[in-house]
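For reference, the structure discussed in these notes is given below.
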Amino acid sequence: MARKKIIAGNWKMNMTPTEAKALCETLKPLVDNPDVDVVYCVPAIDLVPVSEAIQGTNVNLGAENMYFEEKGAFTGEISPAMLADVGVKYVVLGHSERRGYFGETSEDVNKKILKALEYGIVPIMCCGESLEQREQGVTMDFIRQQVKVGYMGVTADQAKGTVIAYEPIWAIGTGRTASNEQAEEVCKAIRETIAEIYDSDTAEAIRIQYGGSMNAKNCKELLAMPDIDGGLIGGASLKPDFGVIVNYNK
Ligand code: PEP
């Protein structure tokens with residue numbers, strides 16, 4: 001069965017609640033495509049206003065991070081129960097900015113994935129190499145490791161419903177996109193890694209996004225690649241361009 005495309009916006013640390021509501025209004029008429037699962041992954045403070053603003057639309061609510069403990073003395077963190085309670089369906093985990101600036105390890109990401117699944121929230125696990133790693137020829141080894149550690153203890157049935165975002169760090173927010181072939185090569189290797197961990201059914205079911213300066217101009221070609229099942233979009237998710245990406249097949 002063909003995998004349904006999933007286009008998710010990662011708003012990062014942008015949009016006050018007031019701005020968030022206005023952005024939802026602007027995007028509302030632009031993001032209606034029944035062929036695509038659309039997600040807005042928004043800052044924690046925007047979750048409630050955005051959940052209200054997307055009522056009655058095809059847009060799903062997503063978070064940008066989550067802690068792996070249930071509750072307690074973890075000042076500043078957000079629990080999976082809190083996310084589930086406000087209607088969060090997806091959560092971005094292990095974004096390279098979290099790994100790079102906040103020291104998140106693949107082991108942390110693994111704990112978060114397991115916890116999100118327990119609460120019925122779909123993890124979007126990010127992986128991706130630095131420019132240095134690409135130049136040293138260790139991209140595939142590095143990404144396989146990120147995927148294998150990230151998915152420790154996740155069952156095949158659970159893995160089928162999850163999403164992996166391949167995001168080369170050198171392409172994020174730089175305007176420098178991976179070529180269609182570079183993106184496809186790694187997304188295919190991720191699918192092969194999932195087949196190695198589980199089986200071919202799981203590998204065929206899991207959805208793999210590309211992220212890294214995807215925009216209204218380059219989305220069509222990237223999304224036509226056989227192993228690219230969607231996009232995780234940073235900068236372009238804050239603009240009407242996001243609607244063009246969602247409607248890439250029109
Ligand atoms: C991201 O942060 O996940 C991302 C892909 O950002 P951008 O589209 O701005 O490169």
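The values are calculated or read from the model by the stated rules, or taken from the named source; none is laboratory data. Because the structure is predicted, anything quoted here is derived from the model rather than measured. Note that each Cβ is placed from the backbone with ideal geometry, even for glycine, and that neighbours are counted across all protein chains shown. Protein only, heavy atoms only, side chains kept; ligands, DNA and RNA dropped before computing areas. Shrake-Rupley method; radii C 1.70, N 1.55, O 1.52, S 1.80 Å.
When restricted to residues that are open to solvent by 10 Å² or more (accessible area, probe 1.4 Å) and within 22 Å of Y101 (Cα to Cα), region 17-53 contains 3. Restricted to region 223-234, and to residues there that are of a type outside the set (D, E) and surrounded by 20 or more Cβ atoms within 10 Å (Cβ to Cβ), the residue that is nearest to the chain's Cα centre (by Cα) is L232. Against the numbered list (1) crowded, with 19+ Cβ neighbours inside 10 Å; (2) in a loop (DSSP other than H, G, I, E, B), L61 comes up short only at (2).
Could you check region 192-224 and list, in sequence order, the residues that are part of a loop (DSSP other than H, G, I, E, B) and within 16 Å of the ligand (Cβ to nearest atom)? Steps first, answer last, please.
First pass over region 192-224, keeping only residues part of a loop (DSSP other than H, G, I, E, B): 198-199, 206, 212-218, 224.
G212, S213, M214, N215, A216, K217, N218, listed by residue number.
For region 84-116, a tally of residues being closer than 20 Å to I7 by Cα and buried (at least 18 other Cβ atoms within 10 Å of the Cβ) returns 11.
Please determine, by comparing only the residues of region 117-168 that are β-branched (V, I, T) and in a helix (DSSP H, G or I), which one is surrounded by the fewest Cβ atoms within 10 Å (Cβ to Cβ). Looking at the filtered set, the residue picked out is V149.
Looking across region 169-188, the residues that are touching a helix residue (DSSP H, G or I) at 6+ places or on another chain (Cβ under 7 Å) and open to solvent by less than 10 Å² (accessible area, probe 1.4 Å) come down to A178, A183, V186.
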